[in-house]
Number of protein chains: 4
Amino acid sequence: MMKDKLVHLLNTCINHSSESDLLALSFVLEGMQNKLLGNNGYFIDGLLHMERKFDKNSCEITIPINPVLNNSLEIVHGGITATLLDTAMGTLANYLLPEGYGAVTNQLNIHYIAPGIGENLRCKAEIIHQGSKTMVISGEVYRSDGRKIAYATGTFFIIDRKINEA
Amino acid sequence: MMKDKLVHLLNTCINHSSESDLLALSFVLEGMQNKLLGNNGYFIDGLLHMERKFDKNSCEITIPINPVLNNSLEIVHGGITATLLDTAMGTLANYLLPEGYGAVTNQLNIHYIAPGIGENLRCKAEIIHQGSKTMVISGEVYRSDGRKIAYATGTFFIIDRKINEA
Amino acid sequence: MMKDKLVHLLNTCINHSSESDLLALSFVLEGMQNKLLGNNGYFIDGLLHMERKFDKNSCEITIPINPVLNNSLEIVHGGITATLLDTAMGTLANYLLPEGYGAVTNQLNIHYIAPGIGENLRCKAEIIHQGSKTMVISGEVYRSDGRKIAYATGTFFIIDRKINEA
Amino acid sequence: MMKDKLVHLLNTCINHSSESDLLALSFVLEGMQNKLLGNNGYFIDGLLHMERKFDKNSCEITIPINPVLNNSLEIVHGGITATLLDTAMGTLANYLLPEGYGAVTNQLNIHYIAPGIGENLRCKAEIIHQGSKTMVISGEVYRSDGRKIAYATGTFFIIDRKINEA
């Protein structure tokens with residue numbers, strides 16, 4: 001019954017779609033599939049088609065640009081850039097912590113520098129300060145032509161896994 | 001052919017879904033439908049199921065919380081809260097400008113105060129400063145039990161619609 | 001001997017001073033006197049000639065503008081505005097805490113809106129969030145013609161008086 | 001007459017001073033002298049005993065720590081750290097601009113990481129983004145034992161020298 005509803009929903013979407021809307025639908029369903037097949041850990045990771053890469057003190061995440069991610073000016077929505085930054089910075093924070101500890105974003109400051117356009121966005125997070133209670137982490141986002149589009153810093157609180165608020 | 005691919009994608013998703021994953025799929029397809037039927041202006045608006053409300057000097061946007069929006073700690077992803085804030089604040093900025101002008105986010109600073117849980121999130125944006133070149137706008141996000149979960153301020157650049165970078 | 005050195009220093013200053021420089025010298029020595037006579041708690045309070053006022057949930061500090069506080073553009077130095085903000089916000093944070101606890105600034109974000117000119121600056125700090133480990137506080141600065149020149153938010157860490165780092 | 005008042009003020013200060021207060025008075029009068037003899041461009045530079053150093057894409061400013069600069073916790077006041085950061089970052093911004101243009105701070109975000117103690121503070125500013133209308137600049141502050149005490153980023157508006165507000 002739920003399945004029938006989903007198929008019906010998809011058909012309604014298809015019937016109101018332009019060619020480029022169909023590509024958007026495909027982007028979103030592939031994104032859901034990424035999560036459901038276990039390629040990404042949760043839905044947002046999957047929906048943004050995130051690919052992660054680590055080296056010692058940095059975390060890099062790349063996402064393809066798709067009209068689904070754009071705002072009404074047809075550039076990547078600032079919230080998507082923020083999601084990319086928060087994910088890369090938070091992933092690095094968690095990566096650097098010992099077993100049993102986690103990091104939650106306490107504060108995030110983003111400078112938007114240039115419009116997000118082109119084929120993909122690549123975000124690199126690096127550690128600025130690692131303390132016993134907090135970490136300060138930076139993130140910068142580049143588009144496929146090499147231009148920097150955003151620079152951010154954030155404070156992350158170190159928690160043991162049972163507590164998650166300040 | 002594209003339609004067949006989409007139906008096939010949906011079936012793969014359904015076959016790997018738990019009951020709650022099916023609800024997530026429904027949330028996302030309804031979100032796409034919101035945009036494709038013209039109820040929302042672009043995909044992110046639709047996918048987040050945004051409902052907007054204006055009065056004189058504020059803009060309020062409400063979104064339902066759904067597992068699709070959560071991070072691995074099962075609270076709303078900080079990037080989603082950022083998207084909600086940036087949208088409400090940017091919408092207010094654009095609303096206050098005369099015809100032919102637009103506002104782009106130049107800088108956004110977010111304090112995360114409490115975890116995003118419950119039924120929905122409500123964001124209220126208000127004007128702090130309206131200049132001739134820039135606007136400073138605040139945004140606060142509340143969850144359904146009334147608790148404030150985030151407070152943000154941002155600088156928006158006023159552009160004429162032909163130029164969109166700093 | 002130290003006293004002789006101080007008198008000699010003052011004479012050198014006087015000999016190289018214009019009329020307005022003499023007023024600057026007077027402003028600074030009166031500022032030191034404010035602290036030494038116990039009217040202000042520490043030197044910066046005294047040097048800025050701070051006057052504080054409390055009501056329930058806010059702290060207001062006013063300082064006179066003097067050329068000593070200006071930058072090379074002859075407007076109040078952004079660092080002075082920051083000092084005024086940090087002091088008012090930190091004073092409020094400490095005021096709201098029970099005996100034995102203190103607050104230290106963890107993060108401060110300032111929007112500079114208009115130049116600091118005129119007779120004085122008035123800063124009002126208000127509470128945005130009071131948690132068990134952190135507080136989020138806002139501050140706004142007005143000049144004597146009523147115009148807002150800055151808006152800030154900050155995160156303050158609550159410490160017991162023996163610990164002062166994160 | 002003004003000179004008599006100044007000498008009288010100094011004597012009052014001396015009479016209420018401990019040994020360490022006399023050193024504070026000396027620090028402040030030497031600071032005023034720095035400006036009046038033309039070693040520093042304006043009073044704040046002088047009062048903080050700033051020493052600047054440039055290379056290609058950075059500006060470094062060092063200041064000695066003195067009790068005058070401390071808050072009630074006997075660590076450097078956050079506003080002094082902010083003044084040091086804003087000065088180094090603004091100096092770099094102005095240094096990079098062609099003749100006739102200036103830079104004013106539009107937004108400043110500071111992460112306070114460790115208490116300012118020890119002999120001196122050294123601040124290094126570097127360019128993150130140089131646009132045609134704005135610049136984004138970072139600054140970090142180290143104390144004499146090598147520990148990082150603050151990290152900041154700021155947006156600077158590029159103005160021609162006749163206009164100084166946004």
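The values are calculated or read from the model by the stated rules, or taken from the named source; none is laboratory data. Quantities reported herein were computed from a predicted structural model and do not represent experimental measurements. Quick reminder, even Gly has a Cβ in these numbers, built from the backbone with ideal geometry, and neighbours come from all protein chains shown. Protein only, heavy atoms only, side chains kept; ligands, DNA and RNA dropped before computing areas. Shrake-Rupley method; radii C 1.70, N 1.55, O 1.52, S 1.80 Å.
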Hits in the range C:34-66 - residues which are at pLDDT 95 or above and among the polar types (S, T, N, Q): C:Asn34, C:Thr62, C:Asn66
Give me a count of the residues in the range B:138-166 that are under 26 Å from A:Phe157 (Cα atoms) and of a type in the set (A, V, I, L, M). 4
Whether any residue in the range B:104-123 is basic (Lys, Arg) and under 17 Å from C:Tyr151 (Cβ atoms) is what I want to check. no
Checking A:Arg143 against (1) of a type outside the set (Val, Ile, Thr); (2) over 20 Å from B:Thr83 (Cα atoms); (3) over 12 Å from the mean Cα position of the chain (by Cα): exactly one of these is not met. Which one? (2)
Anything in the range D:1-20 that is free of Cβ contacts under 8 Å to residues at least 40 places away in the same chain and either under 15 Å from C:Lys35 (Cβ atoms) or assigned by TED's automatic domain parsing to the domain that holds D:Lys124 (or both)? List them, or say none. D:Leu9, D:Leu10, D:Thr12, D:Cys13, D:Ile14, D:Asn15, D:His16, D:Ser17, D:Ser18
Is it the case that C:Tyr95 is touching a residue at least 24 places away in the same chain (Cβ under 8 Å) and over 18 Å from C:Ala82 (Cβ atoms)? yes
Could you grab me the full set of residues in the range C:115-150 that are free of Cβ contacts under 8 Å to residues at least 12 places away in the same chain and under 23 Å from C:Ile65 (Cα atoms)? C:Gly146
So, B:Ile127, is that one of a type in the set (A, V, I, L, M), open to solvent by 20 Å² or more (accessible area, probe 1.4 Å), touching a helix residue (DSSP H, G or I) at 6+ places or on another chain (Cβ under 7 Å) and in a strand (DSSP E or B) or not? yes
A:Thr153: passes all of (1) buried (at least 17 other Cβ atoms within 10 Å of the Cβ); (2) within 26 Å of A:Gly46 (Cβ to Cβ); (3) touching a residue at least 24 places away in the same chain (Cβ under 8 Å) but (2)
Members of the range A:127-159 that are within 24 Å of A:Phe27 (Cβ to Cβ) and either charged (D, E, K, R) or within 8 Å of another protein chain (Cβ to nearest Cβ) (or both): A:Arg143, A:Asp145, A:Arg147
Right, D:Lys124: under 26 Å from A:Phe156 (Cβ atoms), more than 8 Å from chain C (Cβ to nearest Cβ) and among the charged types (D, E, K, R) or not? yes
